[in-house]
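To start, the structure under review is shown below, and the notes come after it.
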Amino acid sequence: TKVVMERGKLVETLDNVTGVVENVLSDHIAIVTFKPKFSSAKYRVFCSSDDVFDLKFKERINSRHFLEKNPFKFSSGSDVWKHSARNSKVPLQGLLRPGQKVKLNAMPLFAYPNPADVYYVSFGVLVGKHSLDHPVPVKCIQTSAIFPNSWKEFFQKCVQDLNIHGDWRNNVSKHGGAGPEKVNKDRKRQVDLREEYRRTQPGMKELPAPVRTKQKVAKTVVWKDILNDHYGQVIRIMDKNYGIAAGFVPTGSRSGSPEFVPFQMVFDTFDVYIGDYDCNELGKCLAD
């Protein structure tokens, strides 16, 4: 298979995996390979200087203490992108070498023709001394919808000009430049930072990252098991991931007047939908 499958389903994101640089094609493009756990298959990832980060760690930090001792803390994804090879004007040919190990996030992106079978693109690559012991600063997105069409076209033109060995056909590159930006400024601000890299606001206790629950609602509840199609109002946005809303349910009437009981609920980015996608899939925060 050309992509990683698990129980017959496509694995949509590969988060914080170890990869090996196979080829540095230009100052802005490299091919990295990875092998999933318990598999001998090798997959190629198209990496661009847009999201290759060299944070220049001075020493290895034990993973148990990385959250407290990590010297690099960011307020938003935009701060991380200031350290990208593209933004720092550092050529990948000076930053990477074949056989070098890196940490990266990757996600599938399909293009045809594709002689080199490059069906993944990076979304965060951590390189440099001591970087292999530490996680990628950003979490992998779950949809390629945030990539502009111009960048997707650039990716398609590049991969169709590769040979089966992951090198330019006839050793001639038509794509020496940086190409379009992979992620625009607004999207960068919305990228979810990994907890170890988040800068907490003074006096504000940081909330945990939201998760999608698969646990069924218990049958023995005070209220109805499920409340459908209720009107409510957002009363507070606690941070970029969590908010509080209020609603009410009728409980009967007294003296001909209906009576209601109010309730509050916590919601997160997995609960708010824009069209067919939730905010987390679209890379949006609740403040948007």
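Would you confirm whether or not the stretch 109-119 contains a residue that is in contact with a Phe, Trp or Tyr (Cβ under 7 Å, 6 or more places away or on another chain) and closer than 14 Å to GLU22 by Cα? Yes, because at least one residue in the stretch 109-119 is in contact with a Phe, Trp or Tyr (Cβ under 7 Å, 6 or more places away or on another chain) and closer than 14 Å to GLU22 by Cα. Residues in the stretch 127-141 that are within 16 Å of the chain's Cα centre (by Cα) and modelled with pLDDT of 90 or more: PRO135, VAL136, PRO137, VAL138, LYS139, CYS140. Could you say which residue among PHE66, PHE57 is assigned to a loop (DSSP other than H, G, I, E, B) and open to solvent by less than 30 Å² (accessible area, probe 1.4 Å)? From the options PHE66, PHE57, the qualifying one is PHE57. Take the conditions open to solvent by 60 Å² or more (accessible area, probe 1.4 Å), at pLDDT below 80 and part of a loop (DSSP other than H, G, I, E, B) and apply them to GLN201. Does it pass? Considered against the rule, which asks whether it is open to solvent by 60 Å² or more (accessible area, probe 1.4 Å), at pLDDT below 80 and part of a loop (DSSP other than H, G, I, E, B), GLN201 comes out as yes. If you go through the stretch 251-288 and pick out every residue that is among the hydroxyl-bearing types (Ser, Thr, Tyr), closer than 30 Å to ALA145 by Cα and open to solvent by 60 Å² or more (accessible area, probe 1.4 Å), you end up with 2. Note on the stretch 80-109: residues that are surrounded by 15 or more Cβ atoms within 10 Å (Cβ to Cβ), more than 11 Å from ALA30 (Cβ to Cβ) and not polar (S, T, N, Q) amount to 10. The residues of the stretch 148-186 that are closer than 20 Å to VAL90 by Cα and of a type in the set (Ser, Thr, Tyr) amount to a single one, SER173. Quick check on the stretch 154-164. Is at least one of its residues in contact (Cβ under 8 Å) with a residue 60 or more places away in the chain and part of a loop (DSSP other than H, G, I, E, B)? No.
Considering (1) open to solvent by 50 Å² or more (accessible area, probe 1.4 Å); (2) modelled with pLDDT of 75 or more; (3) under 21 Å from the mean Cα position of the chain (by Cα), the lone condition that PHE123 does not fulfil carries the number (1).
Taking every residue in the stretch 225-251 that is under 14 Å from VAL266 (Cα atoms) and pairing it with any residue that is in a strand (DSSP E or B) and acidic (Asp, Glu), at least 6 positions away or on another chain, the pairs with Cβ-Cβ distances below 7 Å are ASN241/ASP268; TYR242/ASP268.
Here is a yes/no grid of residues against (1) within 29 Å of VAL80 (Cα to Cα); (2) modelled with pLDDT of 95 or more; (3) surrounded by fewer than 16 Cβ atoms within 10 Å (Cβ to Cβ):
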position	(1), (2), (3)
THR143	yes, no, yes
PRO148	yes, no, yes
PHE154	yes, no, no
GLN160	no, no, yes
HIS165	no, no, yes
TRP168	no, no, no
VAL172	no, no, yes
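Looking at the structure I just gave you, is SER26 open to solvent by less than 40 Å² (accessible area, probe 1.4 Å), among the small types (Gly, Ala, Ser) and not in a loop (DSSP other than H, G, I, E, B)? No, not satisfied.
The values are calculated or read from the model by the stated rules, or taken from the named source; none is laboratory data. Here the structure is a predicted model, which means the values were calculated and not measured. Cβ: placed from backbone, ideal geometry, glycine included. Neighbour counts: every protein chain shown. Side chains included, ligands, DNA and RNA excluded: accessible areas come from the protein's heavy atoms. Shrake-Rupley method; radii C 1.70, N 1.55, O 1.52, S 1.80 Å.
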